[in-house]
Amino acid sequence: MSLMTRAQTTTSPDEAEQLRMAAALIRAQHAAARLAPYAATAAGSARRGVYSARTWSAPRLEQTGLALQEQVAPKMAVILQEQVAPKVAALLSSAAQLVDPVPPAPPKRRRWPLVTIGFITAAGLGIAAYLGSRRRAELAESPDAADSAPAPSEPTTDAAGSDVNGRVQTP
């Protein structure tokens with residue numbers, strides 16, 4: 001008989017859960033040790049099965065490919081050429097248009113500066129022509145105005161002489 005009392009033998013729910021988990025871990029480790037040889041055998045069997053499936057299917061796939069190439073492909077070529085090719089061409093053309101960058105728009109020329117400069121130039125020429133014609137009219141009306149101006153060939157004499165550069169010389 002044990003010296004422990006009934007109150008001492010009861011464990012908390014957390015401790016009981018930990019004990020159950022430890023026991024489950026030990027059972028899983030024993031099962032893994034027993035099943036390890038079977039897993040190795042299964043892996044070897046799977047490798048052999050894949051190899052045999054590949055060796056069986058390779059010649060059949062080759063044979064099917066040759067049959068498709070000889071019998072079905074010529075018939076499909078007509079269908080591809082008549083039905084599929086135009087659709088694929090249209091699809092590629094529309095995709096190319098989507099991908100092609102849009103060329104930049106040419107810059108807009110501003111014509112108003114040139115027009116303004118033209119109007120200002122025309123106005124200036126018109127004013128110059130008007131003033132020139134008015135001056136010619138004034139000269140034509142007064143014949144004595146032309147005679148009153150000294151002739152450029154006549155030398156002017158000042159009391160104080162002057163040089164060619166315009167300096168006045170004092171006597």
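The values are calculated or read from the model by the stated rules, or taken from the named source; none is laboratory data. Since the structure is predicted, the reported quantities are computational estimates derived from the model, not experimental observations. All Cβ positions, glycine included, derive from the backbone under ideal geometry; neighbour counts span all protein chains shown.
The residue that is modelled with the highest pLDDT, counting only those in region 2-40 that are of a type outside the set (A, V, I, L, M, F, W, C) and outside any helix (DSSP H, G or I), is SER12.
Just checking, which of GLU17, GLU82, GLU70 is among the acidic types (Asp, Glu) and either surrounded by 10 or more Cβ atoms within 10 Å (Cβ to Cβ) or over 52 Å from the mean Cα position of the chain (by Cα) (or both)? Working first, answer last.
Values: GLU82 fails: either surrounded by 10 or more Cβ atoms within 10 Å (Cβ to Cβ) or over 52 Å from the mean Cα position of the chain (by Cα) (or both); GLU70 fails: either surrounded by 10 or more Cβ atoms within 10 Å (Cβ to Cβ) or over 52 Å from the mean Cα position of the chain (by Cα) (or both).
Only one candidate qualifies: GLU17.
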